[in-house]
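K.L.:
Just dropping this structure here.
The values are calculated or read from the model by the stated rules, or taken from the named source; none is laboratory data. This one's a predicted model, so the numbers in the text were calculated from it and none came from an experiment. Please note: Cβ atoms are built from the backbone with ideal geometry, for glycine as well, and neighbour counts cover all protein chains shown. Accessible surface areas use protein heavy atoms only, side chains included; no ligands, DNA or RNA. Shrake-Rupley method; radii C 1.70, N 1.55, O 1.52, S 1.80 Å.
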Amino acid sequence: MSKTIFITGAGSGLAKGTALGLAAKGHKVIAPVETAPQVTSLREAASEAGVELTTFKMDIKNPQDLAQMLEYDFDIFVANAAINEGGPLGEVPMANFRELFEVNVFQTLETAQIAARKFVEKGKGKIIFLSSMAGIMSTPYVGPYTATKHAIEAIAKTLRKEMAEFGVQVATINPGAFATGFNDRSAEAKWKWFDEKIHFTRPEDMKEMEKGLEDQFDPQDMIDKMVEIIPQDSHKFRTAYPEETEQQMKDEEAKQWEIEI
């Protein structure tokens with residue numbers, strides 16, 4: 001059955017591929033993007049793929065942009081828009097840290113609240129938060145982003161319980177490390193402010209951790225999984241993919257109970 005799906009931050013990465021993939025499956029896709037050039041890019045991609053979708057500029061930090069959500073009716077809301085930046089938590093500039101929370105947590109929740117009110121009025125609907133393996137796991141020098149996704153996990157788990165009585169479903173999708181460029185740009189960002197003359201973190205340690213980005217997964221696999229899961233009437237609360245990432249997440253959670261300091 002065809003669904004109307006609203007997915008934020010669809011101008012790049014997994015969300016862009018998912019928006020196109022859902023449209024190809026016959027779903028009505030509303031795919032706002034952060035910037036005007038991304039509107040052009042997504043429209044061109046849709047034309048090349050032979051699919052139709054609705055796209056427009058909607059920076060979720062801009063109140064006027066955000067108000068556009070009120071104009072649309074949809075069955076499923078996917079809160080995907082996010083930014084990423086790494087760096088050691090003991091030294092990351094607080095302005096950078098606050099910006100991550102502003103977009104990934106505060107404004108993401110605000111978009112979900114708009115969707116929630118719409119769904120309560122209809123008596124049904126589904127909110128999916130694009131979380132991450134970082135919502136469960138912790139990796140050195142990825143702490144700023146990880147903290148925001150841990151917050152999203154708490155929001156999703158709580159909101160699921162609160163919205164159930166209104167007929168509204170809530171879920172997360174937790175991708176592993178996929179080669180969209182999102183993780184690579186995050187790794188690069190910290191070098192804009194890091195100065196080994198004044199910071200105590202060893203740069204060689206951070207560079208060593210960055211080597212983990214050399215073996216990321218094919219994004220199309222995650223896009224296919226998202227296209228499969230998002231329209232379904234029933235599925236697990238948390239969809240972690242690929243399977244090896246799901247196991248890593250489970251192992252990480254279990255280890256926390258055994259760690260001594």
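K.L.:
Would you check which residues across region 239-261 are open to solvent by less than 90 Å² (accessible area, probe 1.4 Å), free of Cβ contacts under 8 Å to residues at least 12 places away in the same chain and outside any helix (DSSP H, G or I) and list them?
P.N.:
none
K.L.:
Taking the condition among the polar types (S, T, N, Q), exposed (fewer than 14 other Cβ atoms within 10 Å of the Cβ) and over 21 Å from Leu22 (Cβ atoms), does Gln220 pass?
P.N.:
No: the conditions fail for Gln220.
K.L.:
Keeping to region 154-209, report how many residues are β-branched (Val, Ile, Thr) and farther than 16 Å from Leu14 by Cβ.
P.N.:
6
K.L.:
Still on this structure: Mind telling me which of the residues Lys192, Lys149, Lys236 ends up being under 26 Å from Glu85 (Cβ atoms) and open to solvent by 90 Å² or more (accessible area, probe 1.4 Å)?
P.N.:
The conditions single out Lys192.
K.L.:
Here is a follow-up. So if I check each of Glu204, Glu210, Glu214, which one is part of a helix (DSSP H, G or I), of a type in the set (Asp, Glu) and within 26 Å of Ile152 (Cα to Cα)?
P.N.:
Of Glu204, Glu210, Glu214, the one residue that is part of a helix (DSSP H, G or I), of a type in the set (Asp, Glu) and within 26 Å of Ile152 (Cα to Cα) is Glu210.
K.L.:
Do the conditions hold for Asn96, that is, is it at pLDDT 95 or above and either within 16 Å of Thr4 (Cα to Cα) or open to solvent by 10 Å² or more (accessible area, probe 1.4 Å) (or both)? Write out each step before concluding.
P.N.:
On the way: at pLDDT 95 or above: yes; either within 16 Å of Thr4 (Cα to Cα) or open to solvent by 10 Å² or more (accessible area, probe 1.4 Å) (or both): yes.
In short, yes.
K.L.:
Separate question: If I ask for residues that are within 22 Å of Ala147 (Cβ to Cβ) and of a type in the set (Asp, Glu), which ones from region 60-98 would you list?
P.N.:
Selection gives Glu85, Glu91.
K.L.:
Just checking, does region 115-123 include any residue being without any contact (Cβ under 8 Å) to a residue 12 or more places away in the chain and part of a loop (DSSP other than H, G, I, E, B)?
P.N.:
Scanning region 115-123 turns up no residue that is without any contact (Cβ under 8 Å) to a residue 12 or more places away in the chain and part of a loop (DSSP other than H, G, I, E, B).
K.L.:
Within region 174-219, can you find the residues that are more than 17 Å from Gly143 (Cα to Cα) and of a type in the set (A, V, I, L, M, F, W, C)?
P.N.:
Phe178, Ala179, Ile198, Phe217
K.L.:
Now for a separate question. If Ala82 satisfies every condition in (1) touching a Leu at 6+ places or on another chain (Cβ under 9 Å); (2) more than 30 Å from Trp191 (Cβ to Cβ); (3) in contact (Cβ under 8 Å) with a residue 24 or more places away in the chain; (4) not polar (S, T, N, Q) but one, which is the exception?
P.N.:
Just one mismatch for Ala82, condition (2).
K.L.:
Please go through region 158-201 and give me each residue that is touching a residue at least 60 places away in the same chain (Cβ under 8 Å) and part of a helix (DSSP H, G or I), ordered by number.
P.N.:
The answer is Arg160, Phe182, Asn183, Arg185, Ser186, Ala187, Ala189, Lys190.
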